[in-house]
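Worksheet: one structure, shown below.
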Amino acid sequence: MGQLEDMAMFVRIVDAGSITKAAEQLNIAKSAVSRRLKDLETRLDSQLLNRTTRQSHLTEAGVHYYQRANNILGEIDVLNEQTSGVKAQIGGTLKMTAPLSFGLMHLNAVIDDYANKHANLSFELDFSDRQVDLVEEGYELAIRIGELQDSSYQAKRLTVIRHALCASPEYLSKMGTPKEPKDLEKHAFLQYGLNKHSNVELTDSQGEKHNVSMPKSAKFKANNGDFLLDMAVKGHGITFLPTFIAYQKLANGELVSLLEPYQLPILNAYAVYPKNRFLSQRCRLLIDFIAERFGDNPYWDQAYLK
């Protein structure tokens, strides 16, 4: 192995957080990773990591080497892309994660089209609502919805995420249709998440906010929006869901949108990636591809907001 490979190996160790995790991500023996790190330190005549049985920390020299190595490896990737041309570089494996419902409902067609454009590209996809640690688990990209908290990541906004309060016509015919926010407290509620309480914030036409505490004993609590959607269609109560989940049922009349004069919270979907890691061409192009496909008026909102 050459010096650049050893440099890339060191960056992977630091990004992964340990030699063990780096070996798992690269699917090679831990002993091989340890040996190459030792060879690199011997060649540099400098210790880069302080290692114990449980963890490792960058030395002062290691911090400097890691920062410069990241820059050098990124420049090499850019040079290779510019020299070879974009088409030749769109290959390898793109490892990404996305929320379960959003991924299965709306990324299938996007990934299909992108894969057809780049026949040499493979995908490793994790559709899950868990908060994946991109660096520790070796992911290149995540799609995330909501406010972003982790400052170690960079993000690009992909599209808007709107919500709807909705119920089936059958439920509303039996229980009545809420006319103002406080009426919601009298209805059966289908709650996303397993928390004890759930609040919904609505904003009226004058800009005044109404924070409504939904019933403490929700009829259903679930960590999956598709299940709640089905329960709402079957007439079990009112639910609060992203329109990317509920749009088809709203469009065909199986669900009715409630309190439409009021504005519900609006979130965003983002492409998220590690801040200190060079973003590959395959990843950058996919992010742009998704953003262009969805836009600020995504097709799922157009389906029922006619």
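Quick notes
- Single condition residue 209 does not satisfy, out of (1) under 20 Å from residue 183 (Cβ atoms); (2) at pLDDT 95 or above; (3) not hydrophobic (A, V, I, L, M, F, W, C): (2)
- Within the range 25-49, tally of residues that are at pLDDT 85 or above and touching a helix residue (DSSP H, G or I) at 6+ places or on another chain (Cβ under 8 Å): 15
- Residue list for the range 100-127, restricted to those being more than 13 Å from residue 143 (Cα to Cα) and hydroxyl-bearing (Ser, Thr, Tyr): 114, 122
- Of the helices (runs of 4 or more DSSP H) lying entirely inside the range 229-306, the ones with 1 or more residues being at pLDDT below 95 and touching a Leu at 6+ places or on another chain (Cβ under 8 Å) are found at 281-294.
- Residues in the range 178-235 that are aromatic (Phe, Trp, Tyr) and buried (at least 18 other Cβ atoms within 10 Å of the Cβ): 189, 192.
- Check on residue 46, of a type outside the set (Val, Ile, Thr), assigned by TED's automatic domain parsing to the domain that holds residue 63 and not in a helix (DSSP H, G or I): yes
- Only one entry in 182, 209, 186 is touching an Asp or Glu at 6+ places or on another chain (Cβ under 7 Å) and either farther than 23 Å from residue 252 by Cα or polar (S, T, N, Q) (or both), namely 209.
- Restricting attention to the range 167-221, the residues that are of a type in the set (S, T, N, Q) and on the phi > 0 side of the Ramachandran plot total 0.
- Residues that are buried (at least 19 other Cβ atoms within 10 Å of the Cβ) and either free of Cβ contacts under 8 Å to residues at least 40 places away in the same chain or assigned by TED's automatic domain parsing to the domain that holds residue 138 (or both) were ranked within the range 14-35; the one that is farthest from residue 65 (Cα to Cα) is 23.
- Residues in the range 99-123 that are more than 20 Å from residue 301 (Cα to Cα) and either not in a strand (DSSP E or B) or not polar (S, T, N, Q) (or both): 111, 112, 113, 114, 115, 116, 117, 118, 119, 120, 121, 123.
- Set 94, 107: member being under 14 Å from residue 271 (Cβ atoms) and in contact with a helix residue (DSSP H, G or I) (Cβ under 6 Å, 6 or more places away or on another chain): 94
The values are calculated or read from the model by the stated rules, or taken from the named source; none is laboratory data. Predicted, not measured: the structure shown is a model, and the values here were computed from it. Please note: Cβ atoms are built from the backbone with ideal geometry, for glycine as well, and neighbour counts cover all protein chains shown.
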